[in-house]
Structures are given as structure tokens and as C-alpha cells.
Amino acid sequence: MTHRLTAAERTHYERDGYFVRRRVFDASEIAAMSRAVETVCRELVARKDRTGRKVQVSGYSVFEQPGAAGVVIKWEPADPSRLKGLEPFAHLDAYLTDIASHPGFVEPMRDLVGCEDVALFTEKLNLKRAHGGAGFAAHRDFPYWEQPAEKPHLLVTAWVALDDADADNGALEVLPGSHLLTDVPNRQSERAFESFEVDETRFDTSRMVTVPARAGDVIFFGPLLVHRSGSNQSDRDRRALLYTYQPAGLRTQLENTRRWAEVERARQSS
């Protein structure tokens, strides 16, 4: 079985900026990912070498600066003791590292990134726990990655549903065709991270659509697609893994976060 792009998928991606593949991962693989994710979360939060220094970077997120593990820990803004996500994190678990070479990821990425030898740039875990897990503002990924990535325009993300996702628990929302727009205004804010969000007072997001997904489905999208997601108002978790690929041999986000952590440790000891 080949996992390379079909003609219909390529057309959809070029026209709309994303496409969905159903049932890329089976129930046993999703269960293994979920177990690994929950174990990593527990163990990382319990580590003694965390910095513990939290900064509210936007109305949607509080970040804890990377410690020795090289992971940015993300917390809910309304409750900074409630975990919202991690980045990067796959290096903390062998299964989460190995799954990055799954043909369901790698083969379509060869077509989307535009080369045969692809590798991870970063991996994110987004957690929206039941009963109020916070959403994410409308944004494009390119502004966040323009500095840390060597070739941010080539980055492509695979968004993997670990739980069924719908409008009630905060499924991904996208603006079809927005990757082709040349003028997408960002917010004016003193917070650098918040200034990468789309300014919805100057940009029409009324055509954004919800992309429902079942556990095991994968949504592929590039760095210029406008997307967001709402809060989780249901009694079900909405967890997603985001694996972002680039041509092999380029600098990774893990290398970036480790370097940032070293700089911070040097600053504190000086």
C-alpha cells in the first residue's frame, strides 16, 4: 500500500491549503500514542530540572521556559496549573520518536515538503481537557517559525487526532484558500507571541470551517493556512499530536529549545 499523495489530495491541498486522511492510524496505534503522551506529561511535570518560570505569552497560553529536557511546557491561562501542551516532546519517549517514521507520515510528506529525505522540525502536543480546555487564536504557523526554522516556507504539519474531535470539544477550524493570501494582518501586541495571531478585527474569518476528525485521522496543512480552534465545552478530552516535517539536515526546534535553555542558565549564573 502506498501512502503517497493522490491526485485529488494534491488538488485539495493546492486549492484549500489542507486535506484530511481518514484512519491513518488504527485503534492500537492511537492507544499506544495516548499512553505514551500521558506518561510523558506526568513524568515531565514531575521532573526536578524544570525551570518553573512561567510567562503568559497570549490570552490563550502560559509558557514555562525550557529546562534541561528542552521542552516548552504550556499551561492553561485561566489555570496555570492545568497542562495545555508540550513542544517539542517526542524525544522523551521511544514510541513517539519511532512513530515519526511511520509511512503514513513520511510518504505524504515527501510529496508535500518536496523532497524524498524528510525529517521532523518539531512536534507539539495540544491538550484540551474536558470542561473548559482553552482554544487557540486564529493564526498561521509561518510567523512563529520564520526565525527558528531555516526554511519555514517548506514546513508541513500532520495533525493527528488522539480523540474524536468536533465543534463541541474544540476541533480544528481552517480558512480554505487562506494559504494563497498575501495580506493577513496580525494583532498589535507587546507580547511577541500574541503579535503573531491574526487580527480578526481587520481580517474576515466568517468563512472558517470546522474539520471534524475521528481518532486516527490526520489533517495535513502548510505554514500559511489560517487556522484556530475553540475551547472544549464537552465532557470529552480533545488531544492532538502535531508532527511538523522539513527537508532532512536542517536545524530542529529541539536544538533551538536546548540552546535557549543553555543561554538562560548562563544568564542566571552570571
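What follows is calculated from the coordinates using simple rules that are stated; it is not laboratory data. Computed from a predicted structure; not experimentally measured.
For residue 82, the residues whose modelled amide H falls within less than 5 Å of its own, excluding neighbours fewer than 5 places apart on the same chain, are 76. Rounded to the nearest Hz, the phi-derived 3J(HN,Hα) couplings of the range 163-170 under the Karplus curve 6.51 cos²θ - 1.76 cosθ + 1.60 (θ = phi - 60°) are 10, 4, 10, 8, 4, 5, 10, x, where x marks glycine and proline.
In a solvent-free Debye calculation with one equal scatterer on each Cα, what is log10 I(q)/I(0) for the chain at q = 0.08, 0.12, 0.16 Å⁻¹, listed in the order of the q values? The computed values of log10 I(q)/I(0) come out as -0.30, -0.71, -1.39.
Can you give the log10 of the normalised intensity I(q)/I(0) at q = 0.20, 0.23 Å⁻¹, computed with Debye over equal Cα scatterers of the range 115-232? Scattering profile of the range 115-232, log10 relative to I(0): -1.27, -1.52. If the Kirkwood radius is taken over C-alpha pairs of the range 175-270, then at 37 °C and 0.692 mPa s the Stokes-Einstein diffusion coefficient equals 190 µm²/s.
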